[in-house]
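This report refers to the structure that appears directly beneath it.
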Amino acid sequence: MDTLTETLQALSPSMKLLLSAVIGIAGLFFGAKTGIKAQAAFSDKNISEGLLFLALTLVIFAIGIILFVMIWGIAQNTGNDFNSEFGFILPFLNQ
């Protein structure tokens, strides 16, 4: 867990945003896919299969939310981005 925490904290805020967006889009895609299958199963009067797909949809959305909160909870606004890197160099360039 320490390796994961250190890796997330080392990412720049823009990389965290990109990672969160990819997780969100993947969660929406797979959640919508199983949600549509659940609706199709319910419309075919197949209640057990519909409940299974509904549960899978909820699990997929829960995993996406947990990963999103983990990324932004563990890795605050720390990390190396271009603003902080150039902030150290800029005073030397202006001399």
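A few comments on the model shown:
- The single condition among (1) in a helix (DSSP H, G or I); (2) at pLDDT 85 or above that PHE68 does not meet is (2).
- The lone criterion from (1) exposed (fewer than 14 other Cβ atoms within 10 Å of the Cβ); (2) charged (D, E, K, R); (3) under 15 Å from ILE71 (Cα atoms) left unmet by LYS16 is number (1).
- Selection status of LYS33, modelled with pLDDT of 85 or more, farther than 30 Å from ASP2 by Cβ and outside any helix (DSSP H, G or I): no
- Where a residue in segment 47-68 is among the polar types (S, T, N, Q) and its partner, wherever it lies, is assigned to a helix (DSSP H, G or I) and surrounded by 13 or more Cβ atoms within 10 Å (Cβ to Cβ), with Cβ under 7 Å and at least six apart: THR57/GLY31; THR57/THR34; THR57/GLY35; THR57/ALA38
- Members of segment 30-46 found to be crowded, with 16+ Cβ neighbours inside 10 Å and free of Cβ contacts under 8 Å to residues at least 24 places away in the same chain, listed by number: GLY35, LYS37, ALA38, ALA41
- The conditions of being among the aromatic types (Phe, Trp, Tyr), over 22 Å from the mean Cα position of the chain (by Cα), in a helix (DSSP H, G or I) and modelled with pLDDT under 65 are met by PHE92.
The values are calculated or read from the model by the stated rules, or taken from the named source; none is laboratory data. For clarity, every value in this text was computed on a predicted model and none was experimentally measured. Virtual Cβ from ideal backbone geometry, glycine too; neighbours counted across all protein chains shown.
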